[in-house]
Amino acid sequence: LVTKWGTKFPDILLQVEVMKVRGLLQLGKFDAVKAIIAKKPDQKSEVVWALKLALADGYYAWGKYTDAQAIYNGFFAAYPKGPGKKLKPFYVNAAYKYAQMLILMGENKGAIKAYENLLGAKPVKNVRRQAQGEMAELMVKMCEEDEKVRKAYLPKVEKLCNEILWIQDVWFGKAIVYLAHVKKMSGDIKGAKSLIDDYRPQLKDIDKALMEEAERSGEDLTRLSPMAEC
């Protein structure tokens, strides 16, 4: 049965192997995982990279950022044009976690590159919109902290937000706020206020929906509301 699965559904075997490795990593057994990887005959194969990415995730979870960074950098260098079909889920997950790790390390420019790698892999809609929103938020923060980067990043924020605005969800609300920040940092205070005023009904609806969902789920969703920044 395993042989048949290995022939017809190779991804299932890969998923099983990755799950086994993640179980070891949760226990902090990094050497055991490295030994499993070292036994693979083709060290450049997609299977090996999937296992290495799991190892990088383990390093990240345990706060071993330097070790994780070495694997992430090697992986993205090996696949500069994006992943194949088998590696795509691992690639998207790795790019997102790498972006989060780099933000924690204060390497914001590297985090933006990681988000760009993620978006280049053409993830599903909800993942794409979250990545676009978080990337825009990071760029706004960078522009507010350093005027020297505004010329490079404000147009990118505007482009990302205009793509997000096609769908009215929580990221729609955040995009309106980020566009207002762009206008404010460009010296157009009146335009920023006008933008918020124009979309205030939709922003209030998003805020209300988040509050209702928070009551149902018990999860604090106020950080996603656009109203505080407005």
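So the values come out like this:
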item	result
Label-point gap, in nm, between residue 100 and residue 48 - each point 7 angstrom along Cα→Cβ	2.8 nm
Mean separation of Cα contacts under 8 Å (6+ apart) over length of segment 1-131, as relative contact order %	16 percent
Within-14-Å neighbourhood charge of residue 40 [Cβ basis; K, R +1; D, E -1]	+2
Cα-based shape type of segment 111-200, given that a ≥ b ≥ c are square roots of the gyration tensor eigenvalues and the cut on a/c is 1.5	oblate
More than 14 Å apart - percent of Cα-Cα pairs taken over segment 48-87	44 percent
Segment 102-222 - percent relative contact order, Cα under 8 Å, separation 6 or more	16 percent
Nearest 10 degrees, 0 to 90: helix 88-104 Cα axis against the chain principal axis	60 degrees
Structure-based [θ]222 nm, the chain - -39500 (n - 2.57) summed over DSSP H runs of at least 4, per residue, nearest 500	-25000 deg cm²/dmol
Shape call, segment 161-224: gyration tensor on alpha carbons, a/c limit 1.5	prolate
Accessible-area composition of segment 122-216, carbon plus sulfur, in percent [1.4 Å probe]	52 percent
Counted charge near residue 132, where neighbours are those whose Cβ lies closer than 11 Å (Asp, Glu -1; Lys, Arg +1)	+2
Probe 1.4 Å, accessible area per residue of segment 74-155, Å²	51 Å²
Peptides ranked, highest mean first, by Cβ atoms within 10 Å: ranges 152-162, 218-228, 128-138	128-138, 152-162, 218-228
Candidate values (1) 20.2; (2) 19.8; (3) 19.1, label of the one derived for Kirkwood radius over Cα pairs in Å	(2)
Length-normalised contact order of the chain in % [C-alpha pairs under 8 Å, at least 6 apart]	10 percent
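The values are calculated or read from the model by the stated rules, or taken from the named source; none is laboratory data. Quick caveat: nothing in here was measured; it's all calculated off a predicted structure. Cβ: placed from backbone, ideal geometry, glycine included. Neighbour counts: every protein chain shown. Note: areas computed on protein heavy atoms with side chains; ligands, DNA, RNA excluded. Shrake-Rupley method; radii C 1.70, N 1.55, O 1.52, S 1.80 Å.
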